[in-house]
Amino acid sequence: MTDTFKFELLGTDGKARRGRVHTAHGAINTPAFMPVGTAATVKAMMPESVAETGAEILLGNTYHLMLRPGAERIEKLGGLHKFMNWDKPILTDSGGFQVMSLAQLRKITEDGVRFRSHIDGAYYDLTPESSTEIQRQLDADITMCFDECPALPAPKERVNEAMQLSMRWARRSREAFTHRPGYGQFGIVQGGTEKDLREESVEKLTEIGFEGYAIGGLAVGEGQELMFSTLDFTTPVMPTDKPRYLMGVGKPDDLVGAVARGVDMFDCVLPSRSGRTAEAWTRRGSVNLRNARHKDDPRPLDENCTCPCCKNYSRAYLYHLTKTKEILGLMLLTWHNLHYYQELMAGMRTAIEEETFDKFVVDFHALREQG
Ligand SMILES: CNc1nc2cc3c(cc2[nH]1)N=C(N)NC3
């Protein structure tokens, strides 16, 4: 535990960074992957199992938790850590993106967003102030600014409008933030894939001053090439002494390419969601357990993997659990995928420490090409 929120830059290899974020609920080694615990649970996983995969921080969602069970209720019950039995750090997203992607009807004004709940159709408002307050009630170690996420593709003029609004909302989010030892707030860089808008957004956010900076507005269908080219001109102008968090990313090769471009933190539903759709991620690529070719296969998913799924169960058994829609299938595949993602991050952390990151990248792609 620490009483001051801080980021230590421990080493670099090219643009790749090895660091450590210190928060009220413990430290996070970076590059780090955050499993997504949207409704106060990482689906199909006990929190103890999530910790066993090596995860040191989870993501929660303001949007979902404000609708159900409500931020006041979680606060009264002792905060999100106690409520979900996770005593390590938690980062909460601010709701901006989820409103855009989940809520029915929504109206954006200078003040904030009015939307209808996708659960019961009731009307709610979210503003920079109320989002920041909800995240305090949840006791999030890292609070995200409230931002507007335009649907892409969009004309530059629209992207600029959304970025400027998000920067005004960032200032209001910062003014509403309760400074507590060990707690931090991250600004979110916007600007789509436009170099000048991204640079302006970084400038405006660093002028306000945050404990970390996220890169938003990506992983929204722009494709990997455009995401990487946007990172190529965005990370170099971001502060070097603060964590950089790429929101909503990604597939294993996205993570490797983004770490190579100076990103420190990630979150993505992919490993847990794939675990529920019978898709396993391995160092040789993805495996679809619905495929009958696994019916009699006695081998584990990945001979080199040390997770409980690969140590104790065959592909034939996982195929059987998938076909019979058994709950254990969801559990084992989710566990494996989250374990693989943490192994990937641990491998990158070690490679950066040993200054062998370039070789790590070559080996990573070679194994996938072999299949
Ligand atoms: C899945 N892709 C994705 N892109 C994102 C982008 C953002 C986000 C969440 C995301 N998820 N949350 C925000 N508050 N802003 C930007």
(request) List every residue pair whose Cβ atoms lie under 6 Å apart, where the two residues are 6 or more positions apart in sequence or sit on different chains, the first residue falls within region 203-222 and is at pLDDT below 95, and the second residue, located anywhere, is within 16 Å of the ligand (Cβ to nearest atom) and assigned to a helix (DSSP H, G or I). (result) 218/227
(message) Give all pairs with beta carbons closer than 7 Å in which a residue from region 234-257 that is closer than 20 Å to residue 209 by Cβ meets a residue that is among the polar types (S, T, N, Q) and part of a helix (DSSP H, G or I); count only pairs at least 6 apart in sequence or on separate chains.
(response) 239/206; 244/235
(message) Looking at (1) out of contact with any helix residue (DSSP H, G or I) (no Cβ under 7 Å at 6 or more places or on another chain); (2) buried (at least 16 other Cβ atoms within 10 Å of the Cβ), which one does residue 334 not meet, given that it meets all the others?
(response) (1)
(message) Residues that are crowded, with 22+ Cβ neighbours inside 10 Å: list the strands (runs of 3 or more DSSP E) wholly contained in region 110-219 that include at least 3 such residues.
(response) 142-144, 184-189, 212-215
(request) Would you list the helices (runs of 4 or more DSSP H) that sit entirely within region 266-345 and hold 1 or more residues that are touching a residue at least 40 places away in the same chain (Cβ under 8 Å), of a type outside the set (Asp, Glu) and within 15 Å of residue 44 (Cα to Cα)? (result) 270-276, 315-323
(request) Just one of (1) within 13 Å of the ligand (Cβ to nearest atom); (2) in contact (Cβ under 8 Å) with a residue 40 or more places away in the chain trips up residue 113, so point out which. (result) (2)
(request) Being assigned to a loop (DSSP other than H, G, I, E, B) and touching a residue at least 12 places away in the same chain (Cβ under 8 Å) is the filter; apply it to region 86-109 and report the residue that is farthest from the ligand (Cβ to nearest atom). (result) 87
(message) Suppose the filter is under 18 Å from residue 188 (Cβ atoms) and touching a strand residue (DSSP E or B) at 6+ places or on another chain (Cβ under 9 Å); does residue 254 pass it?
(response) no
(message) Restricting to region 228-237, name every residue that is buried (at least 23 other Cβ atoms within 10 Å of the Cβ) and of a type in the set (A, V, I, L, M).
(response) 231
(request) Starting from region 119-142, take each residue that is in contact (Cβ under 8 Å) with a residue 40 or more places away in the chain and within 15 Å of residue 80 (Cβ to Cβ) and list its partners that are surrounded by fewer than 18 Cβ atoms within 10 Å (Cβ to Cβ) and of a type outside the set (Asp, Glu), counting only C-beta distances under 6 angstrom and pairs at least six apart or across chains. (result) 136/178; 139/79
(message) Residues to consider are 102, 65; find the one that is crowded, with 17+ Cβ neighbours inside 10 Å and at pLDDT 95 or above.
(response) 65
(request) Look at residue 68 and say whether it is of a type in the set (D, E, K, R) and free of Cβ contacts under 8 Å to residues at least 12 places away in the same chain. (result) no
(message) Condition first: among the charged types (D, E, K, R) and in contact with a strand residue (DSSP E or B) (Cβ under 8 Å, 6 or more places away or on another chain). Can you find one or more residues in region 207-215 that meet it?
(response) yes
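The values are calculated or read from the model by the stated rules, or taken from the named source; none is laboratory data. Small disclaimer: the values here were computed from a predicted structure and weren't measured. In this analysis, Cβ positions are derived from the backbone assuming ideal geometry, glycine residues included, and neighbour counts consider all displayed protein chains.
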